[in-house]
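The values are calculated or read from the model by the stated rules, or taken from the named source; none is laboratory data. The structure presented is a predicted model; accordingly, all values stated were derived computationally and were not measured. Glycine also receives a Cβ, built like all others from the backbone with ideal geometry; neighbour counts cover every protein chain displayed. In case anyone asks, the SASA skips ligands and DNA or RNA and just uses the protein heavy atoms, side chains included. Shrake-Rupley method; radii C 1.70, N 1.55, O 1.52, S 1.80 Å.
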Amino acid sequence: MNTIKFDLSKKGGTFKILNATNGGPWGKRHVVDQLRSNFDAYRAARIPYSRNHDSAMHGVYGGPYSHDITCIFPRFDADPYDPASYDFACTDEAIRCCHAVGTKTFFRLGQTIEHQIKKHGTIPPADFKKWAVICEHIIRHYTEGWADGFDADIEYWEIWNEPDLDLDDAKNKRTWGGTKAQFFDLYETASKHLKENFPNLKIGGPALAHDMAWGEDFLAEMQKRNAPLDFFSWHIYCTEPAPLIERSKKVDALLKKYGFDRTESILNEWNYVRGWVEDFKYSILAIHGIKGAAFTMACISEAQKAPIDMLMYYDTRPSAFCGIFDYYSYDPLKGYYALYFYGMFYDMKHEVRAQNEIENVYTLCGVDANGKMLCVVTNYSDDDSLGNKKVALDIGRCGKFEIYRVDSTHDGELCETTEKLEFDMENQSFILVKEI
């Protein structure tokens with residue numbers, strides 16, 4: 001038996017925003033046929049933010065008429081000060097759907113990744129200053145009511161996505177078709193213009209794909225140019241929590257090295273991927289099953305202890321990467337319960353860290369205002385050959401607890417009420433322990 005000990009009297013910090021996502025809820029409020037919706041489940045998971053990157057890929061959000069700058073402002077030669085130059089309708093509706101479930105939009109100013117043979121929107125804008133003015137008016141539409149818009153609480157505005165991707169492939173630049181120097185100029189121009197007009201909003205980027213050397217050059221150059229960077233966003237795909245945590249520490253060290261001590265570190269794309277070529281099919285199948293669910297819960301648990309300010313799972317858009325909702329029925333998959341369980345920790349007064357560690361076992365524990373304990377225990381390894389593990393919890397007192405399981409045969413349901421905190425856990429599974 002492997003025993004994990006907690007001292008519930010040792011009060012830690014509060015729980016961070018770790019169940020945010022890419023992609024909002026699915027549902028068409030403007031039609032009555034083909035009725036499907038995951039609004040109730042999305043709301044129940046208490047997802048605080050949804051990043052709108054890649055939303056233009058799917059019709060549930062408005063497809064090629066939504067979110068991207070080239071969709072909202074389709075003619076670059078038009079007047080950016082004229083409301084008639086903008087097409088806000090589909091993006092408006094997608095944001096209203098997020099508001100309907102209590103989720104804020106994390107707005108990516110830029111373009112959806114382009115996998116097609118010819119690139120269009122990812123080509124650098126012809127005039128960086130004009131592009132910044134267009135972004136300014138998009139922000140005014142959603143936060144100040146310009147052009148019959150919103151008075152929405154949208155504080156995060158991200159400039160572009162993954163400009164470091166495909167650096168060595170001149171014919172297939174899927175996210176940024178220009179040079180590194182051009183992107184630095186775009187970011188400087190846009191960030192300074194937007195921060196001057198909206199000093200109370202958070203302006204950041206660049207949604208770094210993977211190239212840490214590129215990221216360091218970006219930070220060094222933005223420090224030199226005195227460009228605003230309220231948050232630094234970055235991405236990682238892996239098969240264990242350890243690489244994610246190691247990357248977070250490297251990002252944190254670079255931010256401090258270049259004087260961005262107050263800049264938030266936001267990991268706003270992450271998921272299970274063993275490989276992008278031969279192992280890609282395996283990865284997608286894993287994401288949609290219990291393995292992807294347990295990986296998600298393990299990473300969230302470790303991120304609470306790491307120098308990360310926000311996690312945004314990629315993604316809850318209807319796609320191959322969505323291990324949260326079924327593509328066809330919109331019903332929750334096993335991965336949903338990782339986000340749902342974590343949403344419960346927002347009710348906790350403070351965190352409690354485990355006093356010891358067990359290989360491949362990850363924990364989250366909190367205590368609410370009434371002194372009641374809530375705990376998630378995850379048994380996860382990428383090694384599919386590992387068997388069950390017996391795990392016990394020692395919290396220093398007796399009590400009565402509800403046990404909810406997510407494994408090969410359970411989907412987050414209440415399995416037992418017990419006073420004995422001993423569990424036989426499958427590899428790639430997790431349980432929620434709720435004191436009553």
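Nearest 10 degrees is fine. How inclined is helix 290-303 to the longest principal axis of the chain, computing both from alpha carbons?
Its long axis makes an angle of about 80 degrees.
Can you give me the angle between helix 128-143 and the longest principal axis of the chain, using Cα atoms only, in degrees from 0 to 90, rounded to the nearest 10?
Here the helix axis deviates by roughly 60 degrees.
Expected output is a single nm value to one decimal: the length gained when fully extending between residue 220 and residue 278, i.e. 0.36 nm times separation in residues minus the C-alpha distance. What is it?
Full extension of this stretch gives 17.2 nm more.
As I understand it, the dipole of the chain uses +1 on the Cβ of Lys and Arg and -1 on the Cβ of Asp and Glu, about the Cα centre. Which of 220, 66, 12 lies farthest toward its positive end?
12
So what are the ³J(HN,Hα) numbers for the range 405-421, from phi and the Karplus equation (6.51, -1.76, 1.60; θ = phi - 60°), rounded to whole Hz, Gly and Pro as x?
Result, ordered by residue: 10, 10, 8, 5, 10, 10, 10, x, 7, 5, 9, 6, 10, 8, 10, 10, 9 Hz.
In nanometres, what is the gap between the two model label sites at residue 392 and residue 40, each 7 Å from Cα along Cα-to-Cβ?
4.1
List the lysines whose Cα lies under 16 Å from the Cα of residue 16, skipping any in the same chain that are fewer than 8 positions away.
104, 305, 349
Using only Cα atoms, find the angle between the long axis of helix 89-100 and the longest principal axis of the chain, and express it within 0 to 90 degrees, rounded to the nearest 10.
30
Strictly over 30 Å apart at the Cα level, which of 118/281; 5/249; 202/224; 390/434; 10/202; 202/256 would you flag in this model?
Flagged as over cut-off: 10/202.
Taking H placed 1.01 Å from N in the peptide plane, check which residues at least 5 places from residue 264 or on another chain put their amide H under 5 Å from its amide H.
Close amide H contacts, sequence-distant or interchain: 231, 232.
Which GluC sites (Glu not before Pro) in the range 245-353 pass both tests, a DSSP loop state and at most 14 other beta-carbon atoms within 10 Å?
278
Among all stretches of the chain without exposed chymotrypsin sites (Phe, Trp or Tyr not before Pro) (DSSP loop, at most 15 other Cβ atoms within 10 Å), which one is longest?
Details: sites that count: 76, 81, 276, 327, 328.
Segment 82-275 is the longest.
May I ask for the percentage of alpha-carbon pairs in the range 213-342 that lie more than 21 Å from each other?
It works out to 45 percent of all Cα pairs.
Which FRET efficiency value, to the nearest 0.05, is calculated for residue 385 and residue 416 with the Förster distance at 35 angstrom and r the Cβ-Cβ distance?
0.80
With the dipole of the chain worked out from charges on the C-beta (+1 for Lys and Arg, -1 for Asp and Glu) around the Cα centre, which of 365, 229, 86 lies farthest toward the positive end?
365
Roughly how many whole Å is it from the C-alpha centroid of the range 104-169 to that of the range 232-262?
Taking the Cα centre of each part, the range 104-169 and the range 232-262 sit 23 Å apart.
If you find the alpha carbon centre of the range 361-420 and of the range 81-103, how far apart are they in angstrom?
41
Run lengths n ≥ 4 of DSSP H only: what is the helix-derived mean residue ellipticity at 222 nm for the chain, with -39500 (n - 2.57) per run over all residues, to the nearest 500?
Here the helix-only value at 222 nm equals -8500 deg cm²/dmol.
Between residue 26 and residues 5 or more places away or on another chain, which pairs have amide H atoms under 5 Å apart, with H built 1.01 Å from N, and which residues are they?
The answer is 38, 39.
Suppose each label sits 7 Å from its Cα in the direction of the beta carbon; what would the residue 11-residue 320 distance come out to in nanometres?
Spacing of the two 7 Å Cα→Cβ label points: 4.9 nm.
Between the DSSP loop rule and a limit of at most 10 other Cβ atoms within 10 Å, which GluC sites (Glu not before Pro) in the range 363-436 are left?
419
Work out the charge dipole of the chain with +1 on the Cβ of Lys and Arg and -1 on the Cβ of Asp and Glu about the Cα centre, then indicate which of 284, 189, 375 is farthest towards its positive end.
Ranked along the dipole, the leading option is 375.
Cross-link partners among lysines for residue 119, C-alpha distance below 19 Å, same-chain residues fewer than 8 apart left out?
Partners within reach: 171, 173, 180.
Search the structure for amide H atoms under 5 Å from the amide H of residue 313, placed 1.01 Å from N in the peptide plane, and list their residues when 5 or more places away or on another chain.
For residue 313, the qualifying residues are 20, 21, 22.
Exactly which trypsin sites (Lys or Arg not before Pro) in the range 71-170 are in a DSSP loop and have at most 13 other Cβ atoms within 10 Å?
75, 118
Can you give the charge dipole size of the range 298-384 about its Cα centre, rounded to the nearest 20 debye, using +1 on the beta carbon of Lys and Arg and -1 on the beta carbon of Asp and Glu?
360
Can you give the net charge of the other residues whose Cβ lies under 14 Å from the Cβ of residue 185, counting K and R as +1 and D and E as -1?
+2
Considering only protein heavy atoms and a probe of 1.4 Å, how much of the accessible area of the range 49-111 is carbon and sulfur, as a whole percent?
Of the solvent-accessible surface of the range 49-111, carbon and sulfur hold 56 percent.
Using the Cα centre as the reference, give the magnitude of the dipole from point charges on the C-beta atoms of the chain (Lys, Arg: +1; Asp, Glu: -1; all else neutral), rounded to the nearest 20 debye.
Working: 50 positive and 65 negative charges, 124 e Å.
My answer is approximately 600 debye.
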